[in-house]
Every structure is written in structure tokens, then in C-alpha cells.
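One structure is given below, encoded as C-alpha cells.
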Amino acid sequence: MAITKPRHVSAVLKLPRRVKNIGAYVQSIVAAMTGNPSFPNPTPSLATVQADLDAFNAAEATALTRAKGAAEARDAKLLVLHNDLLHLMGYVQGVASASPASADAIIQSAGMAVRKVTLHTKGPITVKLGTVSGSVKLSAKSVAPRACYEWQYSIDQKTWTEVPPTLKAKADIVGLTPATAYFFRFRGVTKLGTGDWSQVVSLLVT
């Protein structure tokens, strides 16, 4: 059963509906976070976001010429940029959640909007043995049509190891130690913010 926990505020992206306006919106976020003491180590870096934004703007300019394949190329750059924003929003949310009293101001200082929401912890997460020794396959219930999934594993539920985030509710982990019991969990990052960590599941890796 899903567990509902109240959250006071959540960072929200308000992407313009018109593609031609997205570049200016992303640029405003980069400008707001540049030199902002609340965000010393943005993830991804602002330099990466700026580079992906420049690539998108160039692709959008080409798409306006209606050249063959230009729109598809532009959409591919937009997807990369959108993923950057989701991760950046997750970072901003983490900073804001660490300072509840000033969370609203922190989020707004990043050029993002604030929303009071109630997020749900989705579950369960499932884990199965992979096809090779020391590997597992994780899957979870989708949290939204467009979301990023963050995964972690542990052998003691005290120290957790990050797994590269995915854009699907699935992840493969390799290189685990056989004959060892591992614990796994996930959380989703959507335009509404970062969700809570899921329930923990365990598996004896072979």
C-alpha cells in the first residue's frame, strides 16, 4: 500500500508550452543559480546545463528552417535539457528540504516555483537475480509519465551506495558480492519534486 507523507513545499518546474520559449526559461534558472550561495555544487553542473542549453538553442534555430530531420534533432536536444532540469530540480529540492524554515525562499532563488504538495511513496520495489553472478534487476511502480528514478543499495541499511539514475522504473546492478544479502530502495524525481525513499527490499545475491 502506498504511504502518504505530507511535504510542506516542493520545487516545481513550469516549462513553457511553446518550445521557442523554453530556452529563455532555462537560461533564467541558470542565471538565478549562478553564484547563488545556497547552491555550491549543483548537479548537474551549471556549465553542463548551459552547454546543453546552447545545443538546444542551436538545434531550435535549425528546426525553424524546416530542414529535413531538424525537428527530430531539436527534440533530442530538448530531452537532454529536460533531464538536466529534472536532476537540477532534485538538487534544489534536497537543499530546500534541509532548511525547512527557508525552503520557499531557497526554491524561488533558483528561479523555480514553489508548490505545497503531498507526495506518495510508491511501492513496492522488486528485485530479482540477474543473468550473471553478482547482478540484480530492480523494478518499481512508475511515479509519473516523465520521471527520473534514483536507486541505492546497502548491506547494513546504514551506508547506502548510489546507482546511476534512470529514466525508466528499472535498473540493473552488477559487480555485487555473491553470497551476500543486499538491501535496495528507490525514489522518484518528477516535476512535483523528489519523492520519499521507497520501502526497502532485500535479496541474497548469488
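Values in this text are rule-based calculations from the coordinates and carry no lab data. Keep in mind the model is a prediction, meaning the values are calculated, not measured. In this analysis, Cβ positions are derived from the backbone assuming ideal geometry, glycine residues included, and neighbour counts consider all displayed protein chains.
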When the chain is treated as a GNM, springs tying every alpha-carbon pair under 10 Å, which of Leu167, Leu176, Leu88 comes out with the largest mean-square fluctuation? Leu176
Neighbours of Ala63 by Cβ distance under 14 Å: Lys/Arg at +1, Asp/Glu at -1, summed charge +3
Across segment 72-79, in residue order, what do the Karplus-derived ³J(HN,Hα) couplings come to in whole Hz, using 6.51 cos²θ - 1.76 cosθ + 1.60 with θ = phi - 60° and x for Gly and Pro? 5, 5, 5, 5, 5, 5, 5, 4
Taking a virtual spin label 7 Å from the Cα of Val19 along the C-beta vector, which residues in segment 41-76 bring their backbone nitrogen under 15 Å of it? 55-76
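Between Ala71 and Val174, what is 0.36 nm times their sequence separation minus the Cα-Cα distance? Round to one decimal in nm. Kindly include the intermediate steps, with their values, before the conclusion.
Values: separation 103, 0.36 × 103 = 37.08 nm, distance 3.70 nm.
Once the chain is fully extended between Ala71 and Val174, it gains 33.4 nm.
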Over the chain, with a Gaussian network built from C-alpha contacts below 10 Å, which listed residue (Arg18, Arg187, Arg115) shows the highest mean-square fluctuation? Arg18
Sorted by Cβ neighbour density within 10 Å, fewest at the top, the residues Tyr25, Tyr149, Tyr91: Tyr25, Tyr91, Tyr149
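Could you compute the FRET efficiency for Gln157 and Ser38, with r as their C-beta to C-beta distance and R0 at 41 Å, rounded to 0.05? Could you put the intermediate results ahead of the total?
Details: r = 31 Å, r/R0 = 0.74.
E(calc), rounded to 0.05, equals 0.85.
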Here the FRET efficiency for Ser139 versus Leu79, based on Cβ atoms and R0 = 22 Å and rounded to 0.05, is 0.50
Given the pairs Lys128/Lys170; Lys14/Lys168; Lys137/Lys191; Lys168/Lys191; Lys141/Lys170; Lys158/Lys191, which are separated by over 18 angstrom at their Cα positions? Lys14/Lys168; Lys137/Lys191; Lys158/Lys191
Quick one: Ile22, Ile155, Ile107, fewest Cβ neighbours within 10 Å first, how do they rank? Ile155, Ile22, Ile107
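Quick one: if the Förster radius is 22 Å, what FRET efficiency do Ser99 and Thr166 give, using the C-beta to C-beta distance and rounding to 0.05?
Details: r = 29 Å, r/R0 = 1.30.
With a Förster radius of 22 Å, E is 0.15.
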Going by how many other beta carbons lie within 10 Å of each one, how would you line up Glu60, Glu72, fewest first? Glu72, Glu60
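Would you please classify the overall shape of segment 122-205 from the alpha carbon gyration tensor, given that a ≥ b ≥ c denote the square roots of the eigenvalues, rounded means a/c under 1.5, and beyond that prolate means a/b larger than b/c while oblate covers the rest?
Details: a/c = 2.20, a/b = 1.71, b/c = 1.29.
Since a/c reaches 1.5 and a/b is larger than b/c, the shape of segment 122-205 is classed as prolate.
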